[in-house]
Amino acid sequence: MITEYFEHPLRERNSFHVEESAARIVEFDDKADLDTLFDKDNTPEKWYVLGGGNNILFTQHYDGTLIHPTGKKTKVLSDDSSALLVEVEAGMDWDEFVCWCVERGVWGAENLSLIPGTVGAAPVQNIGAYGAEAKDIIHAVHYFDTQLREHRTLTNKECRFAYRDSIFKQELRGRAIITSVEFCLSKTPQPNLGYGDLIRETEARGEASLQNIRDAVCAIRQGKLPDTAVLGNAGSFFKNPIIPREDAEQMQAQYENMPIYPTADDNKRKLAAGWLIDQAGMKGYRNGNVGVHDRQALVLVNYGDATGCEVINLSKEVQLRVKEKFGIAIEPEVNIL
Ligand code: EPU
């Protein structure tokens, strides 16, 4: 079923809580609705998929159609002694899905607890946290191709997942609408506790069970990341920069405590943008309605009535300060409209 809204406010539909509006919002709960919406005589000229609105910054009135999936059904496709394959509709809240996995005793999603957003958004930017990424459990992605006007499926490999990246941010940008995602979860316990404080926080709760790991991840996130209901934000505003290994090693010689992470390509290293911003003296910085969060410098916050443009201006200031101090360009992770 399709539900439409016209000239609709967006404040409650974006986690930054900026006050913008959209010419049209279309909610759909069944993938077949997209055949109707993209009927060849009636295709929306300009459109964008709005999931939970957790990774987006509106900087102006949106004069097109925002398409919002609301289907939340799960369907177990196979279930044997080693693995469970489940298809989940795009509109399900991501953390509800993680909770579903933990309750069923299947492994793979627990480190991704409490990431705000919907299941349909997870493959687009290959969400990740605490040493895990959505790509590790995604089996296939079902989407509607608005150019071909047909429903298609990509395997995990075909999605070309990388750090906060996938085919949906590249070739299929502005073309694909994800309708459901298939996940393969393991029945064999496989705790992944290598990242930061996770092992300590988990051990403090007892054995490395699914529930203890989930609780540990939730506690770490809640300790660092502002609650969007209280303080508008979109999680990490910037991506962690990936730079040539030699440059990273040179920097590390200069800044001993600088975090540095391996990447799939051994000639490259990933730096922590939060650390760079922090060291550039911007953590806790406030400029009117907007600021850099005081517990995690990677997060920009709206103290109340900020416009999207104020957030953008702050982000430019942060980029400049990091560039001046370290010579490194940091890029937004958040989608800017
Ligand atoms: N750090 C600082 N100061 C800060 C922030 C971080 O010194 O203000 C240092 C930390 O001490 C740590 C390092 O930087 O040594 C990395 O920090 P953290 O573990 O908090 O992770 P992150 O790299 O800042 C990434 C993801 C987060 C995810 C965490 C945990 C990106 C862009 N962000 O942040 O994802 O929760 O790792 O895995 O990759 C998100 O995407 O919205 C998000 C919150």
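Listing for the model above:
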{"item": "Amide H partners (placed H, <5 Å) of Asp294, local residues excluded", "result": "Gly284"}
{"item": "Accessible carbon and sulfur surface of the stretch 28-126 relative to its total accessible area, %, 1.4 Å", "result": "46 percent"}
{"item": "Unsatisfied cross-links (Cα-Cα over 29 Å) in the set Lys187/Lys268; Lys169/Lys323; Lys135/Lys187; Lys72/Lys157; Lys73/Lys283", "result": "Lys187/Lys268; Lys73/Lys283"}
{"item": "Placed amide H near Thr179: partners under 5 Å, 5+ positions off or other chain", "result": "His142, Tyr143, Phe144"}
{"item": "Using θ = phi - 60° and Karplus 6.51 cos²θ - 1.76 cosθ + 1.60, couplings along the stretch 11-21 (whole Hz; Gly, Pro as x)", "result": "3, 7, 10, 9, 6, 6, 6, 7, 8, 10, 9"}
{"item": "Charge dipole magnitude, Cβ of K and R +1, D and E -1 - the chain, Cα centre, debye nearest 20", "result": "720 debye"}
{"item": "5 angstrom amide H check on Thr118, placed H, neighbours 5+ away", "result": "Gly52, Trp94"}
{"item": "Surface share of carbon and sulfur [accessible, 1.4 angstrom probe, percent] for the stretch 228-317", "result": "43 percent"}
{"item": "Protection-proxy order for peptides 296-309, 22-35, each taking the mean of Cβ atoms within 10 Å per residue, highest first", "result": "296-309, 22-35"}
{"item": "Table column - 3J(HN,Hα) (Hz), the stretch 292-301, Karplus curve with 6.51, -1.76, 1.60, x for Gly and Pro", "result": "9, 4, 7, 10, 8, 5, 7, 10, 9, 10"}
{"item": "³J(HN,Hα), Karplus 6.51/-1.76/1.60, whole Hz, each residue of the stretch 178-195, x for Gly, Pro", "result": "6, 10, 7, 10, 9, 10, 10, 10, 8, 8, 8, x, 9, x, 10, 10, x, 8"}
{"item": "Distance in nm between pseudo-label sites at Asp265 and Ala229 (7 Å out along the Cβ direction from Cα)", "result": "4.2 nm"}
{"item": "FRET efficiency, Glu150 to Glu324 (Cβ-Cβ, R0 41 Å, nearest 0.05)", "result": "0.25"}
{"item": "Probe 1.4 Å, protein heavy atoms only - accessible area per residue of the chain in square angstrom", "result": "47 Å²"}
{"item": "Top positive-direction residue, dipole computed over the stretch 149-266 with Cβ charges, set Gly196, Tyr255, Gln222", "result": "Gln222"}
{"item": "Eligible lysines near Lys40 by straight Cα distance, threshold 19 Å, same-chain separation 8 or greater", "result": "Lys31"}
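The values are calculated or read from the model by the stated rules, or taken from the named source; none is laboratory data. Because the structure is a prediction, the values reported are computed rather than measured. Glycine gets a Cβ as well: all are built from the backbone with ideal geometry, and neighbour counts include every protein chain shown. Remember, those area values only see protein heavy atoms, side chains included, never the ligands or the DNA or RNA. Shrake-Rupley method; radii C 1.70, N 1.55, O 1.52, S 1.80 Å.
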